[in-house]
Amino acid sequence: MNEFSLLLLAFIAYLLAMLTGFISYLRAAGRWRKISYYLGLVGFILHSLSLILRTIQGRQAPFTTMYESVSFLAWSCVLAVIIFDRKFRLEKIAPYLWLVVVALMALASSPALPKSFNPLVPALQSYWLWLHVSVTLLGEAFLAVAFVASLLYLLSPERKDGGPDYEARREKLDRVAYRAVAVGFPLFTLGALVFGMIWASQAWGRYWGWDPKEVWSLITWLFYALYLHTRLVYGWKGRKSALIAVLGFLAALFTFFGVNYFLSGLHSYA
Amino acid sequence: MASLKLGIALLILIIILAIIGTLIPQEQGPEFYREHLPGSYGLIRFLDLDHLYRSPLFLSLVFLFLLNLLSCSLQQLPARFRRLRIRDEKILASGRQPSDKRDRSQLERWLERDPLRLVALFREKGYRVQTDSEENEKLFLARKGRPGLFGPELVHLGLIIIIVGGLISAIFSQRVSLALTEGQVEKIPGQTFSLRLDRFTTEYYADGSVKDWKSLVSVLENGQLRLQKTIEVNHPLKYGHLHFFLMGYGQDWDRAEVELEISGPGVQTRTVNLRVGEAEEPGTGIRVEVLNFLPDFGVKAGGQPFSRSTEPLNPAALVEISEGGRQVFLGWVFPPPQVASHYQRSSRPELKVSLKSFRAPAFSVLEASSDPGANLVWSGSVLLILGLLASFYLPYREVRIYQRTGHPPLYLVYARKNREDFQKEVDGLLILTGRRESKDGKDE
């Protein structure tokens, strides 16, 4: 059993978690949701083993190439889903979160992302690699939960005849999004900005150089700062809040993928 | 006066400008923008979009944001400190009288008959409880998450310090580049010490890719060796208030040493080793001089040779050979089998000169940096993170019940977040109906 077999099994488990989650919409909701949750948990364990194997074989952090980073981001999203499902009972949200995980796993598995080990270039040989990348991706995983909840909110129109259950579900989407940002934002601040600045200072002699990756991390951070301020001080909830959360995550996606492929800079590793 | 609307507007403007700065390549010369963005050249130059992040426009927005943050924090702090006091008339005055008669009676019961149970009820929930009882009045105060009360102010203070640190760095930080070959000693400008590069090595992985560069340097002061350390990427040297980073490396092609092979009919094949600028008379009346060396030979449109890069992709040496004081050969020689006779002028065409091998001393590029703003940025970052943790994970909660003899009780529930949920929770705890007149729930 090698890392790729474990990853494939994890992918299948996540796919089944997603499918059973959507089945729960149609019938025996409680039972299918439970099955979905445990399938996700099994996938998480298999995925964790795959990452551990990769770390041992490569003798380096399992997030130095784009393939590894996408796989680790998927793993982090699963962790976020499991934690939030236990705490808030995600119900209707969970299958869409599994969809995001499946999409990330499909991307990681695609031939477009080479799977070979790349020996670490001198700039990446630092324990800050572990801290900076892992904490950032963990933060982004929770922001992904907020993104899905917000997107679902935006896609569920206001209905005067919707009934109390419908409104309660929309309110829950809004609440879950806020709670996810409350976890993801401090992690992202710590990982992307603070740890990133410390590492840049050590490697390049300056903590901030306005390179595209740094600027887009700041842009992402500013979007979520905007989200929190409008929500906490202006009392914005619902559509306006959800829109900012969606834009913030699109900025995070561009920081992760877009900068590497469309904008050049000192930061172009993974 | 601080304005949240202004703060939000500034955030949005900074986001927009920051995005523009990543789409327009920064710090390029005017020819670059004229060539690649001819239609926007005027606007780019007018708004300084080519160096946006140090432009007056961007810096003004950041400065305004800083002032607004500072003003907001100074405005909020007195109210926060007032909350710490058990008895504050302004806060007590904001308490509400429950509209439901049953709720008024219930609160009176808590204060008069069950004060100890009231205290125990809140302590079980993790609240710190204080009571104050005087002749004419009773006061009950339960609260938790005191660090969270100042969470947002800590975040703002952290950001202020980071921005100030950043401005100090932008104005006062200094960076000096040093290119040192092995054995070379360089005095650091403005300092009393020098650096000597003792050894520069490159380590490789099995697949040939670079694993590490190491510069073993010595710090010399007053002729004494003060410190010797290996500088690598991620492992700078700190001496005094300067940090030395390994920023690059290269080969000093101006001091290249070449091995030439000279042969031909009637000429004994000989090998000559020379540095650029050196000459040798290897015998039989000929003199060989190496005039120049280019690691990546190319020719400009006007026919002028130049090096296309610093990598030895197409090495060539400019060699002059004279015989009896008369030039018999002048031209660029390349490693075999390449023979470029069109770059040579020779009165003895039978003479064959080739570049057998070459090497050049490696140099290490170090950057000396001093940044007086950095420590402020680190301090600000710590406050920022502590503030975020306090705001999100130690939310401040407060319950005050106050009654003056002969008056109905006043009831005040305060939370910086999730006020409605907290209100319902406390109403449930105190067994109140929860009916009250609606009031603006905004923070003071």
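Read-outs throughout are calculated quantities, based only on the coordinates presented, and are distinct from any laboratory measurement. Treat the numbers as computed from the prediction; the structure is a model and nothing was measured. Note that each Cβ is placed from the backbone with ideal geometry, even for glycine, and that neighbours are counted across all protein chains shown.
Annotations for the structure displayed:
- Cβ-based charge dipole, the range A:42-94, positive-most Cα from A:78, A:53, A:65: A:78
- Under the convention that each Lys and Arg Cβ holds +1 and each Asp and Glu Cβ holds -1, the size of the dipole of the protein assembly as shown around its Cα centre is about 3460 debye.
- Mean Cβ neighbour count within 10 Å, used as a protection proxy, ranking B:376-383, A:111-118, A:13-20 highest first: A:13-20, B:376-383, A:111-118
- Positive end of the dipole of the range B:227-377 (Cβ unit charges, origin at the Cα centre): among B:336, B:243, B:260, the Cα lying farthest that way belongs to B:336.
- 10 Å Cβ neighbours from other chains, averaged over peptide A:193-205: 5
- Its Cα gyration tensor gives the range B:311-444 an equivalent ellipsoid; the semi-axes, largest first and in whole Å, are 94, 17, 11.
- Computed over the alpha-carbon pairs of the range B:347-387, the distance histogram in 5 Å steps reads 5, 13, 9, 9, 7, 8, 6, 6, 6, 5, 5, 5, 5, 5, 4, 2, 1 percent, short to long.
- Cross-link pairs beyond the 29 Å C-alpha cut-off, checked among A:87/B:90; B:5/B:90; A:213/B:214; A:34/A:172; A:172/B:138: A:87/B:90; A:172/B:138
- Averaged over peptide A:177-188, the number of partner chain Cβ atoms lying within 10 Å of each residue's Cβ comes to 2.
- Segments B:62-72, B:304-314, A:172-182 sorted - mean Cβ within 10 Å per residue, highest first: A:172-182, B:62-72, B:304-314
- Electrostatic dipole magnitude of chain A [Cβ: Lys, Arg +1; Asp, Glu -1; Cα centre; debye, to 20]: 720 debye
- Within the shell of other residues whose beta carbon sits under 9 angstrom from the beta carbon of residue B:138, the net charge comes to -3, with Lys and Arg scored +1 and Asp and Glu -1.
- Kirkwood-Stokes translational diffusion coefficient of chain B, alpha-carbon pairs, 10 °C, 1.306 mPa s, µm²/s: 53 µm²/s
- Sites residue B:291 and residue A:171, calculated FRET efficiency, Cβ-Cβ separation with R0 56 Å, nearest 0.05: 0.10
- Karplus-derived 3J(HN,Hα), 6.51/-1.76/1.60, for each residue of the range B:235-250, Hz, glycine and proline x: 9, x, 9, 10, 9, x, 9, 9, 10, 10, 10, 8, 9, x, 7, x
- Electrostatic tally near residue B:21: other residues with Cβ closer than 12 Å to its Cβ, Lys and Arg +1, Asp and Glu -1, net -4.
- The mean count of C-beta atoms from other chains within 10 Å of the C-beta of residues in A:207-215, rounded to a whole number, is 5.
- Computed from Cα positions, the angle between helix B:151-172 and the longest principal axis of chain B comes to roughly 30 degrees.
- Average projected area [Cα convex hull, the protein assembly as shown], square nanometres: 45.2 nm²
- Between residue B:131 and residue B:164, the FRET efficiency from the beta-carbon distance, with R0 = 41 Å, is close to 0.40.
- Approximate spin-label separation residue A:239-residue B:310, in nm, with each point projected 7 Å along Cα-to-Cβ: 5.8 nm
- Annotation: peptides B:149-160, B:196-207, ranked by per-residue average of other Cβ atoms within 10 Å with the highest first, follow the order B:149-160, B:196-207.
- Distance between the pseudo-spin-label points of residue B:173 and residue B:326 (7 Å out from Cα toward the beta carbon): 6.5 nm.
- Gained length - residue B:206 relative to residue B:48, 0.36 nm times residue gap less alpha-carbon distance: 52.1 nm
- The coefficient of translational diffusion for chain A, derived via Stokes-Einstein from the alpha carbon Kirkwood radius under 25 °C and 0.890 mPa s, stands at 127 µm²/s.
- Charge dipole of the range B:1-137 about the Cα centre (unit charges at C-beta), most positive-ward option of B:38, B:77, B:130: B:130
- If only the Cβ of Lys and Arg carry +1 and only the Cβ of Asp and Glu carry -1, the dipole of the range B:274-321 around its Cα centre is close to 220 debye.
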